[in-house]
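S.K.: After the structure tokens below, expect a handful of questions from me.
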Amino acid sequence: MPVSARAQALPPYIFARMEDDIDAMRRENRLVVDLGISDPDLPPPHGVAAALVQAVAEPGSYRYPPYGGIDGLRQQVADWYRRRFAVNLDPATEVLITGGSKEALIHVALATTDPKDAVLVPDPGYPAYHIPSALFDLEEISVALRPGNHFLPDWTEVRPEQWKRIRLGYLNYPNNPTGVLAPDNFWRQTIDLAARHGWTLVSDLAYVDIVYQGRARSVMEFPGAKDVALETLTFSKSYSMQGLRLGAVVGNAKILKAMYRVESQINAGVYVPIQTAGIQALKSGMEPEVLSQYRKRRDYVAVQLARLDFQVPPPPATLYFWLPMAPGVSGTQFSRALLHKAGVALTPGAAFGPSSDRFVRLSFTAPLSMLSRAFEAWHRALPIT
Ligand SMILES: Cc1ncc(COP(=O)(O)O)c(C=O)c1O
């Protein structure tokens, strides 16, 4: 039977492919420490599991949920924005609940673009940003995030005729994979560009709570944001609830209405007990102990990487180190060699964009004992390439 060109054009999902390689090695009884995928290993906030279990036991909890989310969770998201950023959102029109943020980041393209429009994607950028161009017949316009520009896009690199075609653009600060935050003037400048050229700015705020130095900003804090922007939230990183699949999108009411149309045709809403657990998570907030564990790991990894001659500062935010490769070595080559020689999995930079294979990403979502094993094995396996 024929398979669509659309499906064939999709790259294999990098983390699924890496999982296959790791499984194959484990079947050969090799110990593999997976520092590739970002899969938080610390527990959700206190009370989340109990709220989930109690809600599952409620009669009627297995019925279809409301499409855009239960009122209580929409309200809680709006309350969180007010507490956290002094931003007012109308829970009825400016908040939508989604099954995690990955699908929202992809489906937003269905609500904002038509075939042949262009989408602005940072390189490096979270792999899901690259999917709308492959699935929905859009042109992808990459904008490089370079160390010399603090891993911010240099908007002067986008040509005037490209601005005319762009209808959607993704940004993500605190940034996966580079770990940096964006300054206020950058947000102001970008909102201005989105307004001037008529594109929807999507700010992916996945790492809002995982910040060690400085403060994450919401795009919604800046004047004019609600005219041009959406922001995605996820319960996966702050609250380690990634298996439950829960997220939210907030911002421009007109675009959210279009997103609701799309989502209600494709999805059937998020299981209500999961949303109830989400209310509890927002009320509790991220556990301070979780952040302090991540900070300890970050500091430990920084010391170990310096011993391996990587000249990288500890990231001010997120769960990642973005490691530059020696001249002539690609991230793909390096990560393959490290996996086979030392049993340590990292993510090649190519997963994040076509010009990013001069880097690899190390994720410290593993306990200190596993990190220590990984670095011991790495040292023993030197030289890697
Ligand atoms: C920047 C960024 N956005 C979104 C996501 C997706 O999170 P989820 O789909 O679990 O909400 C991730 C996950 O790693 C991420 O790193």
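What follows is calculated from the coordinates using simple rules that are stated; it is not laboratory data. Quick caveat, the model's predicted, so the values are computed rather than measured. FYI the Cβ positions are ideal-geometry reconstructions off the backbone, even for glycines, and counts take in every protein chain you see.
S.K.: Highest first, please rank the peptides 14-24, 269-279 by the mean number of other Cβ atoms sitting within 10 Å of their residues.
M.R.: Highest to lowest by the protection proxy: 269-279, 14-24.
S.K.: I'd like the FRET efficiency for Ala306 and Glu221, computed as 1/(1 + (r/R0)^6) with the beta carbon distance as r and R0 of 51 Å, rounded to 0.05. Please report the intermediate quantities before stating the final value.
M.R.: Values: r = 36 Å, r/R0 = 0.70.
Plugging the Cβ-Cβ distance into 1/(1 + (r/R0)^6) gives 0.90.
S.K.: Enter the Cα centre distance for the pair the range 311-329 and the range 64-89, rounded to the nearest angstrom.
M.R.: What the calculation gives is 35 Å, centre to centre.
S.K.: Let me ask something else. Distance from the Cα centre of the range 124-179 to that of the range 231-262, in angstrom?
M.R.: Cα centroid of the range 124-179 versus Cα centroid of the range 231-262: 20 Å apart.
S.K.: Further question: Along Cα→Cβ, 7 Å out, is where each label goes; now give me the distance between the ones at Gln189 and Gln8 in nm to one decimal.
M.R.: Taking the two extended label points, one gets 4.3 nm.
S.K.: Report the antiparallel proportion of the DSSP beta bridges in the range 48-284 as a percent, rounded to a multiple of 5.
M.R.: Working: 10 of 27 bridges.
Roughly 35 percent of the DSSP beta bridges within the range 48-284 come out antiparallel.
S.K.: Within 10 Å of each residue's Cβ, count the other Cβ atoms and sort Lys296, Lys226 from fewest upward. Walk me through the numbers on the way to the answer.
M.R.: Numbers: Lys296 13, Lys226 19.
The most exposed by this proxy come first: Lys296, Lys226.
S.K.: Per DSSP helix of 4 or more residues, -39500 (n - 2.57); summed, then divided by the residues of the chain. What does that give at 222 nm, rounded to the nearest 500?
M.R.: Calculated mean residue ellipticity at 222 nm is -12000 deg cm²/dmol.
S.K.: If Lys and Arg each add +1 and Asp and Glu each add -1, what is the summed charge of the other residues whose beta carbon sits under 11 Å from the beta carbon of Pro43?
M.R.: On the way: positive: none; negative: Asp41, Glu287, Glu289.
That works out to -3.
S.K.: Can you compute the label reach from Glu289? Point 7 Å from Cα along the Cβ direction, backbone N cut-off under 14 Å, restricted to the range 25-45.
M.R.: 42-45
S.K.: Over all pairs of distinct alpha carbons, what does the Kirkwood formula give as the hydrodynamic radius of the range 1-140, in Å? Kindly include the intermediate steps, with their values, before the conclusion.
M.R.: Details: mean 1/r = 0.0516 Å⁻¹.
Averaging 1/r across every pair of different Cα atoms and inverting gives 19.4 Å.
S.K.: Another question about this same structure. For a 22 Å ceiling on Cα separation, which of these pairs sit above it: Lys116/Lys226; Lys102/Lys164; Lys254/Lys283; Lys237/Lys341; Lys237/Lys296; Lys237/Lys257? Mind showing how you got there, number by number?
M.R.: Working: Lys116/Lys226 26 Å; Lys102/Lys164 27 Å; Lys254/Lys283 28 Å; Lys237/Lys341 30 Å; Lys237/Lys296 17 Å; Lys237/Lys257 27 Å.
From the list (Lys116/Lys226; Lys102/Lys164; Lys254/Lys283; Lys237/Lys341; Lys237/Lys296; Lys237/Lys257), the Cα-Cα distance tops 22 Å for Lys116/Lys226; Lys102/Lys164; Lys254/Lys283; Lys237/Lys341; Lys237/Lys257.
S.K.: I need two numbers for the range 130-280: Rg to one decimal and Dmax as a whole number, Cα atoms only, in Å.
M.R.: Every Cα atom of the range 130-280 included, Rg and Dmax give 16.2, 48 Å.
S.K.: Relative contact order, percent, of the chain when contacts are C-alpha pairs under 8 Å separated by at least 6 residues? Spell out each step's value before the answer.
M.R.: Numbers: 712 pairs, mean separation 94.2, N = 385.
Reported relative contact order: 24 percent.
S.K.: Report the Stokes-Einstein translational diffusion coefficient (µm² s⁻¹, integer) for the chain, Rh taken as the Kirkwood radius over Cα pairs, at 20 °C with viscosity 1.002 mPa s.
M.R.: Numbers: Rh = 21.7 Å.
This corresponds to a translational diffusion coefficient of 99 µm²/s.
S.K.: If packing is taken as the mean number of other Cβ atoms within 10 Å per residue, what is the order of 341-350, 258-267, highest first?
M.R.: Details: 341-350: 22.6, 258-267: 15.5.
Order by mean packing, descending: 341-350, 258-267.
S.K.: Related question: For a Förster distance of 25 Å, can you work out the FRET efficiency between the beta-carbons of Arg17 and Leu135, rounded to the nearest 0.05? All intermediate terms of the calculation are to be shown ahead of the outcome.
M.R.: Working: r = 18 Å, r/R0 = 0.73.
Calculated transfer efficiency: 0.85.
S.K.: Which peptide among 47-54, 286-293 comes first, and what is the full order, when sorted by highest mean count of other Cβ atoms within 10 Å?
M.R.: Numbers: 47-54: 16.1, 286-293: 14.6.
Result, highest mean first: 47-54, 286-293.
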